[in-house]
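Encoded as structure tokens, the structure appears first; notes follow it.
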Amino acid sequence: MAHAPSSNSRQQKLCPERAGRRRIKRWMLGTALMSVFASLLLAPVASTTTAAYTAQSNTVATKFYLNIPKYSFREIPLPTKGFRIAVNTRTNQVYASDYGYNLHIIDGATARVTQTVTVPGNTSYSVTVDEANGQIFMASTRGRNFYRFPVSNPADFAASPATYGFARGIIINPNTRKVWIHSDAILARVNGATMVEEARVSVPGAIQSSIALDSSNSTLYIANNDVANTVSVYNGLTLAITKTIPVGVNPVGLEFNPTTKQLYVANSGANSVSVVNTTTGAVIKTIPVGISPSNVAINPKTNKIFVTHASASGVYIIDGATQTVEDVLATPNNAHSSAAAVNTVTGSVYVVASERVYEVTPRP
């Protein structure tokens, strides 16, 4: 007697087909997850935030957690080892000096070097920008003077008629077009429009490593990287010292926050950053950072401070509201960083690290 196929036998015949569909779904889900993991692993960022996700397959939901990078990196190769850097927020350009004789112009939109200008026989050093008048100024250590480059045509540069010894730093007040340049023995003020020197003073016995400016009153802050371990405060108009502030061992880099009126000083020999109340001249906080901090960059809009390190890979991020380290960004390829600059319009930070400039941008 013939029997109709049972429901169990029908299910058994359908099982291979169902199993195949399930295997395909599992494979698709696994492929999607692997793509997500791969994209995150390839991102050269150490700083992450944890987020929860749910993957849905048919009626089965799987919850998993990922460490999402807080920042994205773009790598910009340089022909030679970079040294100092400045940003033009109006043109979205970045200007990087190197240990040779070059100034590299970088397009912030494409993260590419668009032009390299060579100054024969003169080692490039510090860089500053007059955005309003479209000019770049760069100090030179070997030629012992400084150069002015038009933003529109950097190759058409001009040298200062005077020399300044081992010219370590240069900065401009965009409100007055006054330029200050300092070396181991000289501090001078120059008219940025005419390149004519207006005044100079001798600073014997000091190794001045970096300069910062309060543009509202032309007050200068210069780090003395010698046995004094101090910051000298100058009246930029008279070039007279108005105050001397003791900080940490071997101060090498410093930056002024125009919003909070605080000065941040990188102490290379103490592995710390001194926070100075510029109204009182007192150090209000000493913040431990990595090995041999070299320079400081500040975003006054977000009150974030970025500290580079000459003898360690990574950039320390300080929250100016709490005066504590809130994050450490691992520099790709473990490169030691020498300087940084912030584009306050885009929020990107540009870090010089060996033969690279890294654009670091907060993720939305």
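Assorted remarks:
- With a cut-off of 16 Å on the backbone N, no residue of the range 182-221 is near the modelled label site 7 Å out from K285 along Cα-Cβ.
- Diffusion coefficient, µm² s⁻¹, Stokes-Einstein with Kirkwood Rh over alpha-carbon pairs of the range 113-211 at 10 °C and 1.306 mPa s: 118 µm²/s
- Packing-based ranking, highest mean first, of 330-339, 153-162 given that Cβ atoms within 10 Å are counted: 330-339, 153-162
- Listed values for the range 104-109 are Karplus-derived 3J(HN,Hα) couplings in whole Hz (6.51 cos²θ - 1.76 cosθ + 1.60, θ = phi - 60°), namely 9, 9, 10, 7, x, 6, and x replaces Gly and Pro.
- Relative contact order [Cα under 8 Å, 6+ residues apart], the range 88-161, whole percent: 20 percent
- Whole-angstrom gap from the range 185-261 to the range 153-176, using each part's C-alpha centre: 16 Å
- Multiplying the residue separation of R112 and T361 by 0.36 nm and removing their Cα-Cα distance gives an extension gain of 88.1 nm.
- Amide H to amide H, with H built 1.01 Å from N, A185 comes under 5 Å of F166, counting only residues 5 or more places away or on other chains.
- Kirkwood Rh in Å, taken over all unlike Cα pairs in the range 73-362: 18.5 Å
- Taking Cβ atoms as reference points and 12 Å as the exclusive limit, the residues near A223 contribute a net charge of -1, counting Lys and Arg as +1 and Asp and Glu as -1.
- Gyration tensor (alpha-carbon) shape descriptor, the range 156-263, a/c threshold 1.5: oblate
- Per-residue Cβ neighbour counts within 10 Å put R144, R74, R168 in the sequence R74, R144, R168, beginning with the fewest.
- Take each peptide in 268-276, 241-249, count the other Cβ atoms within 10 Å of every residue, and average; sorted highest first, the result is 268-276, 241-249.
- Note: relative contact order over the range 73-362, using C-alpha pairs below 8 Å and six or more positions apart, is 13 percent.
- 3J(HN,Hα) along the range 161-167, derived from phi through the Karplus expression 6.51 cos²θ - 1.76 cosθ + 1.60 where θ = phi - 60°, amounts to x, 9, 10, 9, x, 6, 6 Hz, with x in place of Gly and Pro.
- Ranked L213, L220, L239, criterion: other C-beta atoms within 10 Å, fewest first: L239, L213, L220
- Per-pair calculated FRET efficiency, R0 = 25 Å: D226 and A199 via Cβ, rounded to 0.05: 0.60
Values quoted throughout were computed directly from the atomic coordinates according to the rules given, and no laboratory measurement underlies them. What you see is a predicted model; the values in this text were computed from it and never measured. All Cβ positions, glycine included, derive from the backbone under ideal geometry; neighbour counts span all protein chains shown.
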